[in-house]
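So the structure is just underneath, and the comments pick up after that.
The values are calculated or read from the model by the stated rules, or taken from the named source; none is laboratory data. All values reported here derive from a predicted model rather than from experimental measurement. We place every Cβ from the backbone using ideal geometry, glycine too, and count neighbours over all the protein chains shown.
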Amino acid sequence: MVRTSQTINEGWSFLNEGIAFGQNELLVEDESWEKVNVPHTWNAEDPFDAKKSYRRGVSWYRKIINVSIKNRDSKKIYLHFEGVNQVADVFVNGIHVGKHKGGYTAFTFDITKALNSSEEQLVAIMVNNAHDSYIAPLSVGFALYGGIYRDVWLIETGEVHFDMDNYGSKGVFITTPEVGTAYAKVIVNGTVVNEEITSQNIEVKSIIYDAANKEVKKVSTTVELEPGQKSTYKHEILVDNPNLWSPDSPYLYSVKSVVSEQGIIVDEIENPLGLRWFSFEPNKGFFLNGKHMKLRGTNRHQDKRGKGSALSNAEHRRDMQLIKDMGCNFIRIAHYPQDPEILKAADELGLLAWEEVPLVNYMTIHPEFLENSKHMLKEMIRQHYNHPSVVVWGSMNEIFLWGNNEARISKQDDPIYTNKVAEYAKMLDATIREEDPARYTTLAMHMGSDYDEVGIEDVPQVASYNVYSGWYGGKFADFGNAMDRKHEGKPDQVIFISEYGAGSDSRLNSDRPERFDFTGQYQRMFCESYLEQIEDRDYISGSAIWNQFDFSQPHVGGSMPHLNQKGMATWDRKPKDVYYLFQANWSAKPMLHIAEKNWAVRAITSDFKEYTITIYSNLPKVTLYANGKKIGSKNVGSLHKVEFNVVLHKDQNYLKAVGSAKGEIIEDTVSIEMQKQGDQQKPDMFINVGSNAQYYDDVSNIAWLEDSPFNGLYGYIGGKETLLNRKNILRSGRHDPLFYSLLEGLKSYKIKTKNGAYRLTLHFMESEELKAGDRVFDVIVNGKKIIAALDLVEEAGFCYGIDKTFDIDVNDNEILIEFVSLSGKTTLSGLELIKLN
Ligand code: GCB
């Protein structure tokens, strides 16, 4: 028989607890189990709630599967799991058929011997995502979603078949040692297995098809297989005048591997084949098919809002399309192997790829950890070996960021640990080179000196750096300077920038952006500078933005708690304005984008205000119209960016940018709503106290003003604009960005307004881990004490938003809110003033 493969994703029963014996039919009532389909994770929501941790432990999945009884004696039955996080124990009819460690690689178990004689078989899987010191990753900045979160396959073969017992791979490996424009040499190495009780004389064929599915060449050999024997074969095939694979033209051949017995096909599998050659040069960067190509890339985490890690293939594919459409020619699949659909899409769309195993932040210096990591590397490489998109394998990421006491440190201080890590790094790098000498090895380092001190920088063929100068500290220019020093110091080392990025929240915007304010404007400034610095340096072979999508980062605060906000697109995949900076610079498809879409609702206190409007475009010239009037035409400058100064008025404004490419008109429009506050007619005000940024509340469609020292209309007297320490996670539930900034030590807040009755709401939050009594203050409005001895810790606790609302009367066209400290510093995070009629 020829093999059959089918997914068995539907109708699983799931038990979200760690009771033992879930595999046993008699001991577990099915009613108490929840019905789920896989891909599934039990952590789609809990890493993001107010509780400190999320559920990491044991859960069970089980399902009755049907296995036909026809010719059962001459069949082999397998379960293939694309990914289960992180330890899976698989039982069939109560019999343990295998254990797999590691949450990101596939595995295959032969279940033939555990089958009963009926069609119905009970499959039960115990899944455990608890911390395990011997399995990477140990410490990470992303959620470790537990579950069977990728497809599950039931595979049936005959007794003679390609090897199913080779690190979850298909058992056939293709290399292309010589590729040129005249011919390509293709080598197919495979293993066939005979599980019959008699010896078999079989024929193994490798057939190459072109992209139109037309046969190009075939080679066959005969193999004599003893009962129970495995045998390897090697086919060498020449393809004349090959169509080369590249990001611009991702031409894919395929290789069919066929086993026949007496002319009858008994097993068949297919693999992709792309013909290309590549190299990295220390001074000049990356070359593909003999041509220089700067690698322009991004990183991708696999999770998504509401889904955790359990995405459908269509969702994975769409992510890859978004990356391709941004103009990338490269993807770093970080920090772990991802769904098979990702590399399939990389092959088909034309994205060169780096894939890595999740050794992140630190490791356990123990042979068991090393063995598990090597095993994971082999699984990754063998499972993804045949993808032409892969050019680099990675073994580690920022392995010296944390000390061995599981906390971030600025400098490693234990030489026993650092030397052992260096030793392990060499062994893992050697494993990659043994497994796949045709690709390059790499590891990603942060900007500490530890790597160089123990020689880790020199271990991989490509030294990769994660750089955040101008975000976590320092200035943008520090990046280029630091790289120049590295290149001067080691002119023979290939350098790649594996990460650079800054966070943003599309609801925060400012015309005076600052480091760490999470405005889109700051993120764009950061990326513009890095892009320029990378392009200016030929020795930088390429780069990957951190990150393509916002992703989970449990236990870290920001304007969106538990999220890493450095995405080019939001967690639910809406491209931010910054996405189009890269598209304008990298994509050949004519485009222009008015980079003001994330600030489409603004607060102003006058009837008019002048703004710099930014447009990213790869067209030569752009004309801008505002409210039907032509503002001007400009040639697009460096970085494919053009700016116009435009006066916007209160209420709705309409901007249109127009350009042309080869006679085709390309345009983009945006409506900007300017909400006037503090007006004589409508004196309502919403102020994001302590922040340089405006906050747009998309729930109520209200833009909150940026703060200011008293400016004649509103503002503070005394106090310091402060950002919440990101270790402190706000638990307010509403208006998160408001509490991310605060004004500390203020004396008073003043607003000029017209007389009448108002409702005043003050937003407070205790931003430090203080005790009751440490911070206590009175609040006095126009001479009247409205809050006596406010103690935020006592009232709500650490990091809870508190709203205090009062009705007040204004008689002298002024509201003066005084903050009088009784102990510690006063604080305020937001202010709302609404006129009552
Ligand atoms: C890094 C890490 C990555 C983090 C990133 C960040 O260097 O490799 O896992 O998410 O920094 O945003 O801090």
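Check whether at least one residue in the stretch 129-137 is touching a residue at least 40 places away in the same chain (Cβ under 8 Å), touching a Gly at 6+ places or on another chain (Cβ under 6 Å), away from the ligand (no atom under 16 Å from the Cβ) and among the small types (Gly, Ala, Ser), and report yes or no. Yes, that holds for at least one residue.
Please go through the stretch 164-188 and give me each residue that is under 24 Å from VAL2 (Cβ atoms) and crowded, with 18+ Cβ neighbours inside 10 Å, ordered by number. Listed by number, the residues that qualify are MET164, ASN166, TYR167, GLY168, SER169, LYS170, GLY171, VAL172, PHE173, ILE174, VAL186, VAL188. Of the residues ARG759, ARG775, the single one that is of a type in the set (D, E, K, R), surrounded by 23 or more Cβ atoms within 10 Å (Cβ to Cβ) and at pLDDT 95 or above is ARG775. Residues in the stretch 366-409 that are aromatic (Phe, Trp, Tyr) and within 16 Å of the ligand (Cβ to nearest atom): PHE400, TRP402. Residues of the stretch 570-597 that are more than 22 Å from ALA626 (Cα to Cα) and either assigned to a strand (DSSP E or B) or modelled with pLDDT under 95 (or both): PRO575 alone. Considered as a group, the residues in the stretch 510-541 that are over 21 Å from the mean Cα position of the chain (by Cα) and of a type in the set (Gly, Ala, Ser) include one that is farthest from the ligand (Cβ to nearest atom), and that residue is SER510.
Which of the residues that make up the stretch 612-654 are exposed (fewer than 12 other Cβ atoms within 10 Å of the Cβ) and part of a strand (DSSP E or B)? Within the stretch 612-654, THR612, LYS629, LYS630, ASN635, ASN645, ASP651, GLN652 qualify.
Quick one: is SER279 crowded, with 18+ Cβ neighbours inside 10 Å, of a type in the set (Gly, Ala, Ser) and either at pLDDT 95 or above or outside any loop (DSSP other than H, G, I, E, B) (or both)? For SER279, the condition - crowded, with 18+ Cβ neighbours inside 10 Å, of a type in the set (Gly, Ala, Ser) and either at pLDDT 95 or above or outside any loop (DSSP other than H, G, I, E, B) (or both) - is not met. Among the residues of the stretch 467-477, some residue qualifies, meaning at least one is away from the ligand (no atom under 15 Å from the Cβ), surrounded by fewer than 18 Cβ atoms within 10 Å (Cβ to Cβ) and modelled with pLDDT of 95 or more. The set of residues from the stretch 746-766 being within 18 Å of GLY719 (Cβ to Cβ), part of a loop (DSSP other than H, G, I, E, B) and in contact with a strand residue (DSSP E or B) (Cβ under 6 Å, 6 or more places away or on another chain) comprises LEU746, LYS747. Evaluating PRO227 against the criteria (1) touching an Asp or Glu at 6+ places or on another chain (Cβ under 9 Å); (2) part of a strand (DSSP E or B); (3) closer than 22 Å to MET1 by Cβ leaves one unmet condition, (2). When LYS576 is tested against (1) charged (D, E, K, R); (2) closer than 26 Å to ALA444 by Cα; (3) within 16 Å of the ligand (Cβ to nearest atom), only condition (2) is not met. In the stretch 542-569, the residue that is surrounded by the fewest Cβ atoms within 10 Å (Cβ to Cβ) out of those that are within 15 Å of the ligand (Cβ to nearest atom) and part of a strand (DSSP E or B) is ASN564. In the stretch 306-330, of all residues being assigned to a helix (DSSP H, G or I) and of a type in the set (D, E, K, R), the one that is surrounded by the most Cβ atoms within 10 Å (Cβ to Cβ) corresponds to ASP319. Of the listed requirements (1) under 30 Å from the mean Cα position of the chain (by Cα); (2) among the aliphatic types (A, V, I, L, M); (3) not in a loop (DSSP other than H, G, I, E, B), VAL255 misses just one: (1). The residue that is surrounded by the most Cβ atoms within 10 Å (Cβ to Cβ), among those in the stretch 408-427 that are of a type in the set (A, V, I, L, M, F, W, C) and closer than 14 Å to GLU398 by Cβ, is VAL421. I'm trying to understand the selection: among the residues of the stretch 276-302, which are more than 29 Å from SER617 (Cα to Cα) and touching a Pro at 6+ places or on another chain (Cβ under 9 Å)? Passing the criteria: ARG276, PRO282, ASN283. One residue stands out in the stretch 426-455 among those that are within 16 Å of the ligand (Cβ to nearest atom) and under 26 Å from the mean Cα position of the chain (by Cα): the one that is nearest to TRP277 (Cα to Cα), namely THR442.
Answer with yes or no whether TYR104 is in a strand (DSSP E or B) and among the hydroxyl-bearing types (Ser, Thr, Tyr). It is false that TYR104 is in a strand (DSSP E or B) and among the hydroxyl-bearing types (Ser, Thr, Tyr). Looking only at residues of the stretch 484-509 that are of a type in the set (Gly, Ala, Ser) and closer than 22 Å to TYR695 by Cα, we find that the one that is farthest from the ligand (Cβ to nearest atom) is SER506.
Residue-by-condition table, conditions (1) hydrophobic (A, V, I, L, M, F, W, C); (2) part of a helix (DSSP H, G or I); (3) within 16 Å of the ligand (Cβ to nearest atom):
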{"position": "ARG332", "(1), (2), (3)": "no, no, yes"}
{"position": "TYR336", "(1), (2), (3)": "no, no, yes"}
{"position": "ILE342", "(1), (2), (3)": "yes, yes, no"}
{"position": "ASP347", "(1), (2), (3)": "no, yes, no"}
{"position": "TRP354", "(1), (2), (3)": "yes, no, yes"}
{"position": "THR364", "(1), (2), (3)": "no, no, no"}
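With the requirement that a residue be over 23 Å from ARG726 (Cβ atoms), without any contact (Cβ under 8 Å) to a residue 60 or more places away in the chain and in contact with a Gly (Cβ under 8 Å, 6 or more places away or on another chain), what does the stretch 478-502 give you? Residue satisfying the conditions is ILE497 alone.
Cβ-Cβ contacts under 6 Å between residues 6 or more apart (or on different chains), taken from a first residue in the stretch 775-799 that is touching a residue at least 24 places away in the same chain (Cβ under 8 Å) and among the aromatic types (Phe, Trp, Tyr) to a second residue that is surrounded by 17 or more Cβ atoms within 10 Å (Cβ to Cβ) and part of a loop (DSSP other than H, G, I, E, B), are listed as PHE777/THR826; PHE798/GLU766. Pairs linking a residue in the stretch 98-115 that is at pLDDT below 95 to a residue that is outside any loop (DSSP other than H, G, I, E, B) and of a type in the set (Asp, Glu), with Cβ atoms under 7 Å and 6 or more positions apart or on different chains, do not occur.
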